[in-house]
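Written below as structure tokens is the structure these notes are about.
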Amino acid sequence: MTLDGLTGVLLIPALSAGLLAALPGYRLSSRLNLLAAFLTFAMSVSLFVVEPTSGPYLLVDDLNKVFIVLTTFVAFTTSVFSASYIEHEIEIGRLKPGYVRFYHAMYQVLMFAMNLALVANNIGLMWVAIEIATLTTVLMVGIYRTHEALEAAWKYFILGSVGIALALFGTILVYMAARPVVGEGLDAMVWTVLVTQAAKFDPALLNVAFVFLLLGYGTKIGLAPLHAWLPDAHAEGPTPISAVLSGLLLNVALYALLRFKMLLALNPAALAPGPLMVTAGLLSCVFAAFMLYRRRDIKRMFAYSSIEHMGIIVFAFGMGGPLANFAGLLHMTMHSLTKSAIFFAVGHIAQVKGTQKIADMGGLTVTHPVLGWGLVLGVVAIAGLPPLGIFMSEFLVVSSTFSRAPWLVMILVFGILVALGALFLRLNTIAFGEPRGTSAPAEASYVPMFTHLAIVLMAGIYLPPPLVIGFQNVAKLLG
Amino acid sequence: MQGLTFDIAHMLAGSLVVVSFLQLYQDRLSALINIFALHALVLALSVAWQAFAQEAPHLYITAVIALIFKAIVIPVALRRIIVRLGIHREIEAVVGVGPAMLLGIGLVALSMVVMLRVTADADPLAREDLAFALSVVLLGLLMMVTRRNAVSQVVGFMSLENGLVLAATGAKGMPLVVEISVAFSVLIAFIVIGIFLFRIRERFDTVDMQELDRLRGERR
């Protein structure tokens, strides 16, 4: 087996997970973690230069390239943030060095699982990869071993497992639908084969399968009635994991759902998956927007904001068509970058203030100007104000769907505006006004946060043509 | 012969649904665990019969995993855990027998209506299996939502998972079945270890609203 981009994005995290599990000393292992994440990112970029051949188990196409590069990039910047975050956690004694070794190994296992889910050409393999990713994040959410953290991990575990179980039932049904056409055995679970034959599958079976897949993977995306695990898991785990959960793992589950949507779209007799996704998306967006008002915990608040944005993204993909898909992809990218930047800021803020309660922090722009203004910029971006990237992508979502479904878009815009109000209400308490809480100097790594925000700002002003063409190709693929 | 093969598969899958019903109204944890062991045993028999009927020897591995891991190891471990946690004598408030049965019957009817209608062209064995499997999955879900004790929620999850294994083995020639059942066993082992290590008794140890608010981080 030669080392190309495809094997690289899988082998590097897998090998470094083993290495990191064996190495003591958090300074060394956090650097190694960073190095491994960087190499994985480099490998994923090489996918654009040399495209490896796809086999029955692994696959690289235009769609998953976008996801892989985004995943490995955010994983890399998060590992930079994680290094300084973890150092501080050890200094204040919140994490024991033994747990840190475990944490770094798990970080790489998670990278491996997410990359595997993205490159899997087999619906069974993809399911197994998402299960591994769920398990590792459960372990990491509970790493502080406090009552709250275990509670959150348990809730995530049970709900995530039910979601995963329903997704497996859907996967089995897809196999059942494919079997009479493709024949027994491995071929009936391979994407590239399924896609060519999808038109001949039994539509009724596919419909039922999609409902299960939407419920199952929808739980992992955090869609509204199934989102209960998400805020707890974000609030109680280490902040780098909150960033990875919001920025990446939700996307991976979304990717799985999109693949199955493509399958259904190819079968003219099957039900249109769009309306189901549109409903789930709108519900999540509006529900999460209202929930934002009652939040007292800063990480919980941004977790609800993630639910809102996943709702917008699922709405855009549900509407479908090249333009809406383009907008959905752009919004997903922008949300990943912005939300992880916000969590980088929030992680350091919670560390300097020693709390996650919004009421106990205040006047951040005075006490910690760089962190404070970084957070302000991040919230301005996530709320969707111009000239940042999320404004651009939300504008595209709205404008590309308005002519087709004006009333639905009104609901969406209403949700976005409600969320904007809530975010600024809280931002006002945190960033401005009387300084509250401790004002210990921050030992933060600002580079990852401002890199992300700079990209988001740039994307809001000018999108480079190669990127636009790439996204357009993917949008066409999604149908 | 074909008729007999089908009848036995049908009977075993049907028994799994019946045992799922038995689980619904068990209010003592130790009784619940016994019934779960029976559930896993019926699953193992059913999978073994499918392996024989489909002439798919790799399915015997799944059957053996179900027998050893789920019918013996897990029940023994769970029984020890509930003794250690001191909840083996506890009587859990469950939904009454009547409503639970009615809800369960409703779910089974639902899965029959859905699955038998959409699989009209599939071969009868797979079709019945899938309908029964969906019933077991839904009954497992019902159990998870009606229980508050962590151990009985896990039992609910495991019986749900048994339904999935039944579905996967019923789908003739499906690859990765063994791998998936191993993946699930790992998942379950994690859950059981989790209960033991962190002494999780209920989703919320207390019904004190202020305590709940603290957990949700909503108190100032």
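Placing dummy labels 7 Å off each Cα toward the beta-carbon, the span from A:Thr192 to B:Arg80 is 4.8 nm.
Using the Cβ-Cβ distance between A:Leu417 and A:Thr438 with R0 set to 30 Å, the FRET efficiency works out to roughly 0.30. As a proxy for reagent exposure, ranking A:Trp191, A:Trp407, A:Trp127 by other Cβ atoms within 10 Å from fewest up yields A:Trp407, A:Trp191, A:Trp127. Once a ≥ b ≥ c are taken as the square roots of the eigenvalues of the Cα gyration tensor of the protein assembly as shown, is the result rounded (a/c under 1.5), prolate (a/b larger than b/c) or oblate (a/b not larger than b/c)? It is prolate, given that a/c is not under 1.5 and a/b is the larger ratio.
Our note on the geometry: Cα centres of segment B:161-178 and segment B:29-57, 13 Å apart. Rounded to 0.05, the FRET efficiency of the B:Leu103 and A:Asp61 pair, given R0 = 45 Å and the Cβ-Cβ distance, is 0.50.
When chain A is described by a simple charge dipole with +1 on each Lys and Arg Cβ and -1 on each Asp and Glu Cβ, the residue from A:Pro13, A:Gly437, A:Ile411 located farthest towards its positive end is A:Gly437. Taking label points 7 Å from Cα along the Cα-to-Cβ direction, A:Trp373 and B:Phe6 give a separation of 7.7 nm. Mean partner shielding of peptide A:128-140, defined as the number of other chain Cβ atoms within 10 Å of each residue Cβ, is 2.
So what is the relative contact order of segment A:273-479, in percent, for Cα pairs below 8 Å that sit 6 or more residues apart? Relative contact order comes out at 32 percent. Whole angstrom only: what separates the Cα centroid of segment A:236-276 from the Cα centroid of segment B:81-126? Using only Cα atoms, the two centres lie 29 Å from each other.
Once both labels are positioned 7 Å from their Cα atoms along Cα-to-Cβ, the gap between B:Ala189 and A:Asp4 label points is 3.5 nm. Could you tell me how far the Cα centroid of segment A:358-425 sits from the Cα centroid of segment A:141-178, in Å? Centre-to-centre (Cα) distance: 30 Å.
Computed on the Cα atoms alone, the convex hull of chain B gives a volume of 136 cubic angstrom per residue. Taken about its Cα centre, chain A carries a charge dipole of about 520 debye when Lys and Arg each add +1 at the Cβ and Asp and Glu each add -1 at the Cβ.
Packing-based ranking of A:224-235, A:445-456 yields A:224-235, A:445-456, ordered from highest to lowest mean Cβ neighbour count within 10 Å.
Computed extension length for A:Asn428-A:Val366: 21.1 nm, one decimal, from 0.36 nm per residue of separation with the Cα-Cα distance subtracted. Among A:Tyr462, A:Tyr144, the ranking by other beta carbons within 10 Å of each residue's beta carbon, starting with the fewest, stands as A:Tyr462, A:Tyr144. Between the Cα long axis of helix A:369-383 and the first principal axis of chain A there is an angle of about 30°, rounded to the nearest 10. Report note on the peptides A:193-206, A:302-315: ranked by the mean count of other C-beta atoms within 10 Å, highest first, their order is A:302-315, A:193-206.
Laboratory data are not the source of any read-out in this text; all were calculated from the coordinates shown. Model, not experiment: these values are computed from the prediction. No Cβ is skipped: glycine too gets one built from the backbone with ideal geometry, and neighbour counts run over all protein chains shown.
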